[in-house]
Amino acid sequence: PYVLASFNNTKEMQAVLVSYQDNATMQELTAQALFGGLPITGKLPVTSGNGMVCSSGLTRNEVNRFSFGLPEEAGLTSLKLKVVDSIMISGIASGIFPGAQVLVAKDGMVVYRKSFGCQTYSVDIPVQNDDLYDLASLTKMLSTTLAAMKLTDDGIIDPDQHLSYYLKSLNNSNKAFLTIRSIMAHQAGLQPYIPFYRKLMIGKEQDSSLIGRHYSIDFPVRVADGFYVTRNQPQFVIDSIIASPLLKKAEYKYSDLGFIMLGETISQLTDQPLSTYVQKSFYSKLGLRTMGYHPRDQFSISRIAPTENDTVFRKQLVHGDVHDPTAAMMGGVAGHAGLFSDALDVAVIMQMLLQHGTYGGEVLLDSAVIAEYTKVQYPANKNRRGMGFDKPSPAGEPGPSCDLVSPRSFGHSGFTGTYAWADPETGLVYVFLSNRVYPDAGNNKITQMNIRTIVQEAIYKAVN
């Protein structure tokens with residue numbers, strides 16, 4: 001602390017943080033304190049120059065960002081968490097996925113953040129903690145649902161209003177009376193899936209009249225390397241959804257279609273792409289470094305885990321472009337898929353939701369809106385879903401989580417091998433990212449062996 005006497009113009013500084021050792025650990029802790037991950041309660045032990053008096057110092061007890069520490073600091077046992085290492089190593093050896101990231105946080109402290117394996121089975125590129133994965137349907141929760149929650153918070157949309165009230169093209173369709181709540185809880189009777197990509201195929205071959213091999217005015221929408229489509233393809237997807245038949249009965253049926261329409265609605269209401277709206281409203285404010293659409297525009301391809309070797313539609317390895325073919329036809333930005341991230345950025349959003357909509361000094365959502373969206377919406381209809389969030393199944397029924405989570409917990413899984421779950425009762429946040437679809441999306445061992453929920457169970461058992 002005596003070095004303070006050597007500084008000039010200290011009166012012009014709003015604050016000075018004194019750390020007492022010059023090593024990597026102290027530097028990391030100092031950064032966490034500066035950014036709100038650790039409390040600041042220290043006082044100067046001596047009097048130094050420039051008015052720095054012994055026992056003086058500012059106190060800030062509030063912790064509003066993730067801190068990083070040992071499992072024992074948050075009430076978990078390191079030895080029990082090593083079970084997760086064994087599960088992941090076994091999963092790679094069994095060919096469930098080539099590599100993955102796992103993150104565990106408890107009460108706002110990241111206590112486990114590890115990467116396993118490689119990006120592919122054939123190329124020895126070890127997965128790093130800040131590599132990006134295609135989040136697939138986590139996009140529904142981490143993009144479209146967040147946007148809908150903010151628009152609800154701002155009084156712009158009402159979940160119980162018909163979507164057609166905001167998306168006028170639905171007015172004269174069979175979807176005119178579908179509410180946002182029913183759509184987001186998969187209770188609206190929408191078709192589960194439509195293979196839109198077949199519009200670009202003639203039999204098993206690509207229709208060269210509808211596909212450009214280079215970016216141009218006629219073919220400005222990128223689908224994959226050397227694969228561009230006309231700018232009316234995104235609208236073709238929306239029009240096809242509007243014209244599609246409803247199921248005979250409005251019961252719980254998981255569907256991408258409603259979230260595609262909701263993403264389009266958000267874009268129209270905010271007069272900007274969905275990707276821009278969530279970037280400005282959430283990702284930038286939260287300081288997220290990797291989360292977003294179109295990762296190739298910002299990151300080296302070597303940091304992005306590849307997904308499927310698509311032999312049907314794109315006829316190539318999908319790498320850095322969204323795996324979902326419908327989202328790809330829409331230019332990589334859609335309400336149901338398209339988001340990429342590392343595990344930490346996903347965890348930050350889940351932690352923000354646990355902290356009632358605040359993080360890092362930013363108030364992003366009202367706690368009442370979060371409570372409304374994360375509760376079960378149609379319990380009487382044998383539907384466990386929240387609005388945009390998945391929820392635990394009733395006891396004794398198969399579901400998306402292990403049996404140890406609380407009924408208040410919420411999260412989502414993704415087709416590419418991703419998973420994120422948060423539990424208000426225990427303060428646990430768990431994120432699992434993998435590219436299990438590499439090189440073949442038909443490899444469904446991750447579901448057959450329930451590895452994501454087995455890891456989750458091991459985490460809960462590690463809590464003291």
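The values are calculated or read from the model by the stated rules, or taken from the named source; none is laboratory data. As the structure is a computational prediction, the values presented were derived from the model and not from experiment. Positions of Cβ are backbone-derived with ideal geometry, glycine not excepted, and every protein chain shown enters the neighbour counts. Note: areas computed on protein heavy atoms with side chains; ligands, DNA, RNA excluded. Shrake-Rupley method; radii C 1.70, N 1.55, O 1.52, S 1.80 Å.
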Item to check | Hydrodynamic radius (Kirkwood) for the range 325-401, which is based on Cα pairs only, to one decimal in Å | outcome: 14.9
Checklist outcome for this item: Options [x] 41, 25, 24; [y] 38, 31, 21; [z] 46, 35, 19 are given for semi-axes √(5λ) of the Cα gyration tensor in Å, and the computed one is [x]
Checklist outcome for this item: Taking 54-62, 421-429, 68-76 and ranking on average Cβ neighbours within 10 Å, highest first, one gets 421-429, 68-76, 54-62
Item to check | Mean-position separation - Cα centroids, the range 103-169 and the range 36-75, in angstrom | outcome: 32
Checklist entry - Using modelled backbone amide H atoms (1.01 Å from N, in-plane), which distant-in-sequence or interchain residues come within less than 5 Å of PHE68's amide H? => result VAL110
Checklist outcome for this item: Partner aspartates and glutamates whose C-alpha sits under 13 Å from that of LYS285, ignoring same-chain residues fewer than 8 away, are ASP345, GLU362
Next on the checklist: Keeping every protein chain present and rolling a 1.4 Å probe, give me the accessible area per residue for the chain in Å².
Outcome noted: 44
Item to check | Sequence of SER367, SER275, SER6 from largest to smallest accessible area, 1.4 Å probe | outcome: SER6, SER367, SER275
Checklist outcome for this item: Expected vector for the range 141-149, Karplus 3J(HN,Hα) from phi with 6.51, -1.76, 1.60 and θ = phi - 60°, integer Hz, x for Gly and Pro, equals 7, 8, 10, 4, 5, 4, 4, 5, 5
Checklist entry - What shape does the range 217-333 have by the C-alpha gyration tensor, where a ≥ b ≥ c are the square roots of the eigenvalues, rounded means a/c under 1.5, and otherwise prolate means a/b greater than b/c and oblate the rest? => result oblate
Checklist outcome for this item: Everything considered on the Cα gyration tensor (a ≥ b ≥ c; rounded for a/c under 1.5, else prolate if a/b is larger than b/c, else oblate), the range 307-368 must be described as prolate
Checklist outcome for this item: With all protein chains in place and a 1.4 Å probe, VAL18 shows an accessible area in Å² (nearest 10) of 40
Item to check | Using θ = phi - 60° and Karplus 6.51 cos²θ - 1.76 cosθ + 1.60, couplings along the range 15-27 (whole Hz; Gly, Pro as x) | outcome: 6, 10, 9, 9, 10, 10, 9, 9, 8, 5, 4, 5, 4
Item to check | Under Karplus coefficients 6.51, -1.76 and 1.60, residue-wise ³J(HN,Hα) of the range 33-49 in Hz, glycine/proline x | outcome: 5, 4, 8, x, x, 10, x, 10, 10, x, 10, 5, x, 9, 9, 10, x
Checklist entry - Using modelled amide H (1.01 Å from N, peptide plane; none on Pro or chain starts), what sits under 5 Å from the amide H of THR120, excluding residues fewer than 5 places away? => result ILE125
Next on the checklist: Classify the range 91-220 from the C-alpha gyration tensor, please: rounded if a/c falls under 1.5, else prolate or oblate depending on whether a/b exceeds b/c.
Outcome noted: oblate
Checklist outcome for this item: Rounded to the nearest 500, the 222 nm mean residue ellipticity computed for the chain from DSSP H runs (n ≥ 4, each -39500 (n - 2.57)) alone is -6500 deg cm²/dmol
Checklist entry - Reachable lysines from LYS43, Cα under 25 Å, same-chain residues fewer than 8 places away excluded? => result LYS11
Checklist entry - For the chain, which whole-number percentage of the solvent-accessible area (1.4 Å probe, protein heavy atoms only) is attributable to carbon and sulfur atoms? => result 53
Item to check | 29 Å Cα-Cα threshold exceeded, pairs from LYS204/LYS280; LYS253/LYS375; LYS249/LYS375; LYS80/LYS253; LYS82/LYS150 | outcome: LYS204/LYS280; LYS80/LYS253; LYS82/LYS150
Checklist outcome for this item: The long-range amide H neighbours of GLU308, using H built 1.01 Å from N in the peptide plane and a cut-off of under 5 Å, are VAL318
Next on the checklist: From the convex hull of the Cα coordinates of the range 1-130, what is the mean projected area in square nanometres?
Outcome noted: 11.0
